[in-house]
Amino acid sequence: MEISGRVAIVTGAGAGLGAALASRLVAAGARVVLADLDGESAAALARTLGSSAVAVAGDMTDETVIRASIERAEADFGPVDLYFANAGVGGGGGEATTDQEWAATLEINVMAHVRAARLLVPGWLERGNGYFVSTASAAGLLTQLGSAPYSVSKHAAVGFAEWLSVTYGDRGIRVSCVCPMGVDTQLLYGDFASSRYPAEAELAMKAVTSAGPVLSPDRVAEVVLAGVADERFLILPHPEVSKMFQQKGSDYDRWLHGMRRFQASLLA
Ligand SMILES: NC(=O)c1ccc[n+]([C@@H]2O[C@H](COP(=O)([O-])OP(=O)(O)OC[C@H]3O[C@@H](n4cnc5c(N)ncnc54)[C@H](O)[C@@H]3O)[C@@H](O)[C@H]2O)c1
């Protein structure tokens, strides 16, 4: 897809990968709604991006806020061509994680994607054109040591992106699923550090930082936009994830054994 002239919404655009995606989209000639819980950060970035960017403040798990961001895009720029479901949360914790914490993680990492698709797909089918970009994680293809809610929610995000692509791919809706390992953001260094489950969170952070290079958000955004230009489903800013995913698929038990060994080495 040619990005120039398109209208995009990026959730979680106030910081990290979302901010980098919004900046690169504007630089590539798109007009962008930057949506974030932290409205001030999104507004501050939008101001630096000029007349091709506006900010919407609010919780992007809330259907009324998602609808407001779509309406804002339509009013200021025109119908939404691309939706980047990027906002997400991390944090450590296993099965002892409370139901409330599980629900909060699943809400933003998965249900926010479902609700956005619910609002956008009918118009995209009518126009025969639309692009949904899901920021999942390598944790959604492999696993996240030290965080069951993150692993499970990211697997669900991959599953939903896959399902959208299979269901609507022949009717003009394109889907990409972004699965990075470490990215140098607050989520990696802050969400896990402030987790209520410090031992698991430390394991999670160690796993991410020792599995491969921690990339800058700008580098990841560059790879994402190249993947969108090519209309590739699986976008892997860390190419080594492809091999790991193949190893998992070709011998699941061997892969599980290797992951236990990796975990033991990090705990030692
Ligand atoms: N950082 C990593 O190592 C890494 C690796 C793989 C995938 N990811 C994924 O990348 C995405 C972006 O994360 P990041 O690393 O840039 O994190 P970040 O914490 O730097 O940015 C996340 C942004 O999302 C916003 N946000 C959180 N909940 C929201 C909500 N309910 N509504 C609206 N905005 C909300 C936050 O305010 C923040 O501005 C996430 O989905 C994350 O899971 C990150």
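The values are calculated or read from the model by the stated rules, or taken from the named source; none is laboratory data. Small disclaimer: the values here were computed from a predicted structure and weren't measured. Neighbour counts run over all protein chains shown; Cβ positions are idealised from the backbone, glycine included. Note: areas computed on protein heavy atoms with side chains; ligands, DNA, RNA excluded. Shrake-Rupley method; radii C 1.70, N 1.55, O 1.52, S 1.80 Å.
Key figures for this structure:
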{"read-out": "Contacts under 6 angstrom Cβ, first residue in segment 169-191 being under 18 Å from H113 (Cα atoms) and more than 7 Å from the ligand (Cβ to nearest atom), partner open to solvent by 20 Å² or more (accessible area, probe 1.4 Å) and not in a loop (DSSP other than H, G, I, E, B), 6 or more apart", "value": "V175/S165; C177/L234"}
{"read-out": "Members of segment 121-155 found to be open to solvent by less than 10 Å² (accessible area, probe 1.4 Å), away from the ligand (no atom under 14 Å from the Cβ) and part of a helix (DSSP H, G or I), listed by number", "value": "W124"}
{"read-out": "Leading residue by the ranking (most open to solvent (accessible area, probe 1.4 Å)) among those in segment 89-106 that are among the β-branched types (V, I, T) and either within 10 Å of the ligand (Cβ to nearest atom) or under 21 Å from the mean Cα position of the chain (by Cα) (or both)", "value": "V89"}
{"read-out": "Verdict on E2 being more than 15 Å from the ligand (Cβ to nearest atom) and of a type outside the set (F, W, Y)", "value": "yes"}
{"read-out": "All helices (runs of 4 or more DSSP H) inside segment 203-268 with 1 or more residues being over 29 Å from V26 (Cα atoms) and modelled with pLDDT of 95 or more", "value": "240-250, 252-267"}
{"read-out": "Breaking point among (1) at pLDDT 95 or above; (2) open to solvent by 20 Å² or more (accessible area, probe 1.4 Å), for Y83", "value": "(2)"}
{"read-out": "From L106, L119, L125, L141, residue being out of contact with any Cys (no Cβ under 9 Å at 6 or more places or on another chain) and more than 21 Å from T61 (Cβ to Cβ)", "value": "L125"}
{"read-out": "Search result, residues across segment 107-120 that are within 16 Å of the ligand (Cβ to nearest atom), of a type outside the set (A, V, I, L, M) and open to solvent by 30 Å² or more (accessible area, probe 1.4 Å)", "value": "E107, R115"}
{"read-out": "Counted residues, segment 168-192 - those being open to solvent by 10 Å² or more (accessible area, probe 1.4 Å) and of a type in the set (G, A, S)", "value": "3"}
{"read-out": "The lone exception for I235 - which of (1) under 22 Å from G146 (Cβ atoms); (2) touching a Cys at 6+ places or on another chain (Cβ under 8 Å) it fails", "value": "(1)"}
